[in-house]
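The values are calculated or read from the model by the stated rules, or taken from the named source; none is laboratory data. This structure is a prediction, so every number in the text was calculated from the model and none was measured. Here the Cβ positions follow ideal geometry from the backbone for every residue, glycine too, while neighbour counts run over all protein chains shown. Quick note on the areas: whole protein, heavy atoms, side chains included, nothing else; ligands and nucleic acids left out. Shrake-Rupley method; radii C 1.70, N 1.55, O 1.52, S 1.80 Å.
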Amino acid sequence: MEGAARKGRKLHISYKNRRKINGFLFVLPWLIGFVLFFLTPLISTIKYSFHSVGVADSGGMNLKYVGFQNFVNLFSAEVSSNSSQFLRVFTDENTSIFINTPVIVIFSLFCAILINVKFKGQGLARVVFFLPIVLGLDVVVDLIMVTTGGDVADAAVTNTFDNGIVLNFLLTYTFLPMKVTLFISDIANNIFMLISQTGVQTLIFLAGLQSINKSLYEVAKIEGANSYEVFWKITLPLLSNISVFALIYTFVDMFLKSSISTEIYYFAFNKNNIGVASALSVVYLVNVLLDLLVMMLLLNRVVRLYDTEK
């Protein structure tokens, strides 16, 4: 009887452990794909970075151990395809990514809030907004070139906003510092590329906005809170975890589109210097992981701050 009773009992798993199991199952396909398709090339790249790679007389690769010489050459003797030192290349790329990532995420949140507003033809407006992003900006530009001509497409992409007009407006009607003014005018001048990089993040924020309980906004209105207070006290705190995800996604996506990836291909296949290309890949990987660690530490502190305020 006792054995039958034990068999009839269900295994009790706490809610916290169930969330961990669900998270592991969600990541499991990626882990399987990483082990099958990426782990071996990653190990080979690290191995090649410590060797001088050539072609053997009998065919195949000839590996000669050189230690850290490839890494030393990378930052002392080698230059990029545009004749720049790699220390300067990494500095410029990191600066650009750390500056542009918050801009893209903030703009994505702004677009998601606009699309989430209830109005007639909301579905059509969402389709019109997301269609160029789903198809890709290059596809849309090619379609414009076919239907209206290349000059019109180039003008639509490169000169959407006149940088001089925006700059003069900011200098005349605002009292912002010159560096901030130039930064804003540069963003306005590249608005087409900014929109093309915000599609997935906008969808993420839109899903987060629609998951917020509407009764919270109703209670806030009854209490007399204005739109500014509602955004900072309700919307933004409840989107804090989603904001972290959007920031990390944008950060990684910008690194994948970085010019350093082109430099790796240039050294490996154009200059036939696989050892230095592998060293550049390893340094690039370490750089990305360190930047992600710094961003995660900073963002976790922000999320904890919002959690304590709830």
Enter the accessible area of Leu298 (Å², nearest 10), with the probe set to 1.4 Å and all protein chains included. 110
Enumerate the calculated ³J(HN,Hα) couplings along region 26-34 in order (Karplus 6.51 cos²θ - 1.76 cosθ + 1.60, θ = phi - 60°), each rounded to whole Hz, writing x wherever the residue is Gly or Pro. 5, 8, 4, x, 5, 4, 5, x, 5
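Computed FRET efficiency, Cβ-Cβ of Thr91 and Leu36, R0 45 Å: what is it to the nearest 0.05? Let's see the in-between values first.
Working: r = 36 Å, r/R0 = 0.79.
For R0 = 45 Å, the calculated efficiency reads 0.80.
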Full-stretch length increase - Met295, Ser227 - with 0.36 nm per residue and alpha-carbon distance subtracted: 21.5 nm
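Highest mean first, what order results for 234-242, 85-93 on Cβ atoms within 10 Å?
Details: 234-242: 17.3, 85-93: 14.8.
Final packing ranking: 234-242, 85-93.
Show me the three semi-axes of the equivalent ellipsoid for region 216-310, from the C-alpha gyration tensor (sqrt of 5 times each eigenvalue), largest first, rounded to whole Å. Present the calculation step by step, with values, prior to reporting the outcome.
Numbers: eigenvalues 398, 35, 8 Å².
Equivalent ellipsoid semi-axes, largest first: 45, 13, 6 Å.
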Between Arg18 and Phe110, how high is the FRET efficiency from 1/(1 + (r/R0)^6) when r is the Cβ-Cβ distance and R₀ = 45 Å? Nearest 0.05. 0.80
Would you mind computing, in nm to one decimal, how far apart the modelled labels at Val27 and Met61 are, each placed 7 Å from Cα along Cα→Cβ? 2.9
Which far-off residues, 5 or more places away or on another chain, put their amide H under 5 Å from the one on Ser52, with H placed in the peptide plane? Lys64, Tyr65, Val66
Project the alpha carbons of region 34-127 onto their principal axes and report the range along each, largest first, in whole Å. 72, 35, 20
